[in-house]
Amino acid sequence: MDTIKILDPRAAGLPRPGEVLERLATGAAWSEGPVWMHEDGSLLWSDIPNNRMLRWHPSQPGQAGVWREGVEFTNGHTREADGALLHCSHGRRAIVRTRFLPGTLTPASEDEVVVSHYQGRRLNSPNDVVVHGDGSIWFTDPPYGIVSDHEGHRAESELGRCYVFRFCPATGALDIATDWLQEPNGLAFSPDGQTLYVSDTSAALRTDGSGHHHIVAFDVIAGRTLARPRVFAVIEPGLADGFRLDERGWIYTSSASGVQVFHPDGSLLAHIPVPEKVGNLTFGGPERDELFICASQSLYRLRLNVRGVQTP
């Protein structure tokens, strides 16, 4: 099996000669939310049903350690400009922040709840989060952490809908960025911050064939509002649970068969087969050219001839 199946000549230079997909660690129940920690060259990710976060470091080949337990079912993660780590907590139904002592992964204090309510009502279960260049925090809020006790705590939605939110740390304002999607899930900005990609995975919980499994693109207006929604790509098989972009603006998204790579014009460029169902992924490594893939029970890595978008 090819490490990367090239579907468009523009992707011919994507594979790095001699590189193969590596399984770095396994043993999770469902791997999600990978985030690169440049301070010590490690990767953190969530094992949601086991209510813990795992850590992989190259000094421990073939295995992962437990970074934290009892994390209230964290899902997606990202970094802020000052290095703080943002968590999407299904259990707390909130965006949570961990601050570290300089240059370490040692928490400087107890975690902070960044935002947990909209107009006095609890959020559903924040799923994925990104930070815009202006410092605003954007996150999706589908129901997956409240539909059962498997990945959170069963509860009724207090909002009655699922939204993409924008939170401004400077003012404390939480605004609905869009209600255009049924169940928003993964999200990521283009390198210039002018486009926001959001997946709608409303097909995930339905057995009748209804619901969506596509990525929607929005224009970002003045870093504050979204406009001109359009379906960017339909993901088959499976769903676009999570995705990230490289410096050229190519989109690397999860699917049931591996990682699918799209050009900003919507063309499917390449497919990276993965032997387990992919949940999410991120770029990392000292040069940001290593694609880390969370897939079912395992963590995989593939070095590419491209660098991921610069993040804190």
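Quick notes
- Maximal additional length on extending the D219-A155 stretch stands at 19.7 nm, based on 0.36 nm per residue less the C-alpha distance.
- Estimated D of region 1-58 in µm² per second, where Rh is the Kirkwood radius over Cα pairs and Stokes-Einstein applies at 4 °C, 1.567 mPa s: 93 µm²/s
- Within the accessible area of the chain (1.4 Å probe), percent carbon and sulfur: 49 percent
- Pairwise centroid distance, computed over Cα atoms, of region 257-307 with region 157-235, Å: 21 Å
- Couplings for region 79-88, taken from phi via the Karplus curve 6.51 cos²θ - 1.76 cosθ + 1.60 with θ = phi - 60°, read 10, 8, 4, 8, x, 4, 9, 9, 10, 8 Hz in order; Gly and Pro are left as x.
- Within the shell defined by Cβ-Cβ distances under 14 Å, the residues around P61 carry a net charge of +2, with Lys and Arg each +1 and Asp and Glu each -1.
- Packing-based ranking of 196-202, 143-149, 304-310 yields 196-202, 143-149, 304-310, ordered from highest to lowest mean Cβ neighbour count within 10 Å.
- For the pair I176 and A256, label points projected 7 Å from Cα toward Cβ lie 3.2 nm apart.
- Within region 33-48, backbone nitrogen closer than 13 Å to the virtual label 7 Å beyond the Cα of Q60 toward Cβ: 42-45
- Cα gyration tensor shape of region 229-299, rounded if a/c is under 1.5, else prolate or oblate by comparing a/b with b/c: oblate
- Global form of region 272-312, assessed from the alpha-carbon gyration tensor, a/c cut-off 1.5: prolate
- Rounded accessible area per residue of the chain, 1.4 Å, Å²: 40 Å²
- Surrounding net charge for E32, when Lys and Arg each add one and Asp and Glu each subtract one, Cβ distance under 13 Å: -3
- Subtracting the Cα-Cα distance of R79 and Q310 from 0.36 nm times their residue separation leaves 82.1 nm of extension gain.
- Rounded to the nearest Hz, the phi-derived 3J(HN,Hα) couplings of region 103-113 under the Karplus curve 6.51 cos²θ - 1.76 cosθ + 1.60 (θ = phi - 60°) are x, 10, 9, 8, x, 7, 6, 5, 4, 10, 7, where x marks glycine and proline.
- q = 0.18 Å⁻¹: log10 I(q)/I(0) that the Debye formula gives for region 40-142, counting C-alpha atoms only: -0.89
- Whether the chain is rounded, prolate or oblate, judged on the alpha carbon gyration tensor where a/c under 1.5 counts as rounded: rounded
- Within region 7-133: Cβ-based charge dipole about Cα centre, in debye rounded to nearest 20 (Lys, Arg +1; Asp, Glu -1): 280 debye
- Take 293-300, 276-283, 100-107 and order them by the average number of nearby Cβ atoms within 10 Å per residue, most first; the result is 276-283, 293-300, 100-107.
- Assuming charge only on the beta carbon of Lys and Arg (+1) and of Asp and Glu (-1), the dipole of the chain about its Cα centre is about 80 debye to the nearest 20.
The values are calculated or read from the model by the stated rules, or taken from the named source; none is laboratory data. Keep in mind that what you see is a predicted model, and the values were worked out from it rather than measured. Please note: Cβ atoms are built from the backbone with ideal geometry, for glycine as well, and neighbour counts cover all protein chains shown. What goes into the accessible areas is simple: the full protein's heavy atoms, side chains included, and nothing from ligands, DNA or RNA. Shrake-Rupley method; radii C 1.70, N 1.55, O 1.52, S 1.80 Å.
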